[in-house]
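Let me begin by presenting the structure, written as structure tokens, before commenting on it.
What follows is calculated from the coordinates using simple rules that are stated; it is not laboratory data. Note that the coordinates shown come from a computational prediction; the quantities given were computed from them, not determined experimentally. Using ideal geometry, Cβ is built from the backbone for each residue, glycine included, and neighbour counts are taken over all protein chains shown.
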């Protein structure tokens, strides 16, 4: 019988928006962890969006920010999905600039961070925005990336630090750099460890407390590689496991302590993208592909976040 003080359990991952066959999307897909089944929420984004960023205050709410539409218009609004009701509201607070392709990570219970991206004029961004969960207020922290950058992957060791990997700078140079933001001071450093190779349009998720993973992307061609960053040493290794196919522009989210999931993306199979969901089991670092898929194929970052219970 419930006592009223049970710890919230991991529930689901959410993949929002994206692009398929000439259209940006507004629907939000939910992957329920217990049965690994997918559904589409009745709630939708404020408009059709691709290239958004998502991060979650696990067990409370997820936040989807920015993005662009098929005309290239970028946005600054922040949509909130409340857990477990799966209802959507739009915050009065907005990003400090309209932006797409900003990679997001969260210090669950405290704040979300969005880094880099592309603004309305097409300029790349070096700044890092912060959404404090308690008051749902937005600011730009003083720390910045080494250069203006977009198309990174981001994940977090909640309570400790966020990491951004790869991307592309304003000159079009692909990057292998991994930047670390220490939460206690909101200060940024660059690791000596790098990705296996310079990669843009990659995705990332984390087994909080243990390791983060950077998956897929574009090095000049699409790749299926999975790099692992062990948090205790900030050292990078490359897994024997790979994605089921070379892909970029995926959504990614994790059931921390159990498994991470990548969804959709571009696999060079046409304008629609794919609906595939790959699963990486953390205990063995092995990859399987779910029978369940997204409710429709999509690419251009159907951005991912998760309600993983209390982290």
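Two numbers describe the Cα atoms of segment 135-222: Rg and Dmax, which are 13.2, 43 Å. Specify whether the C-alpha gyration tensor of segment 12-307 places it in the rounded, prolate or oblate class, a ≥ b ≥ c being the square roots of the eigenvalues: rounded for a/c under 1.5, otherwise prolate if a/b is larger than b/c and oblate if not. Because its axes are fairly even, with a/c under 1.5, segment 12-307 counts as rounded.
The alpha carbons of segment 242-283 occupy a box of 35, 16, 12 Å along the principal axes, longest dimension given first.
Listing 141, 310, 81 from the residue with the fewest other Cβ atoms within 10 Å to the one with the most, what is the order? It would help to have the intermediate numbers written out before the result.
Working: 141 17, 310 13, 81 24.
Fewest-to-most ranking of 141, 310, 81: 310, 141, 81.
Inter-part distance, segment 157-193 to segment 97-135, computed on C-alpha centroids, equals 13 Å.
Expressed per residue, the C-alpha convex hull volume of segment 45-189 stands at 98 Å³.
Kirkwood hydrodynamic radius for segment 144-303: how many Å is it when counted over pairs of different Cα atoms?
On the way: mean 1/r = 0.0646 Å⁻¹.
In segment 144-303 this quantity evaluates to 15.5 Å.
Once you wrap a convex hull around the alpha carbon atoms of segment 22-70, what is its projected area averaged over all directions, in nm²?
Values: hull surface 16.7 nm².
Taking the Cα atoms of segment 22-70, their convex hull projects to 4.2 nm² on average.
Taken as Cα centroids, segment 234-297 and segment 51-81 sit 21 Å apart, rounded to the nearest whole angstrom.
Using the Cα gyration tensor of segment 69-136, with a ≥ b ≥ c the square roots of its eigenvalues, what is the shape: rounded (a/c below 1.5), prolate (a/b larger than b/c) or oblate (neither)? Write out the running numbers ahead of the final one.
Details: a/c = 2.31, a/b = 1.47, b/c = 1.57.
Verdict is oblate for segment 69-136.
Mean-square fluctuations from a GNM of the chain, with a 10 angstrom spring cutoff on Cα atoms, peak among 268, 51, 107 at 268.
Going from the fewest other Cβ atoms within 10 Å to the most, the residues 231, 145 appear in the order 231, 145. When the chain is treated as a GNM with alpha-carbon contacts under 10 Å, the residue of 22, 153, 265 showing the greatest mean-square fluctuation is 22.
When the chain is treated as a Gaussian network with alpha carbon springs shorter than 10 Å, the biggest mean-square fluctuation among 241, 263, 111 belongs to 241.
Tell me the relative contact order for the chain as a rounded percent, counting alpha carbon contacts under 8 Å between residues six or more apart.
18 percent
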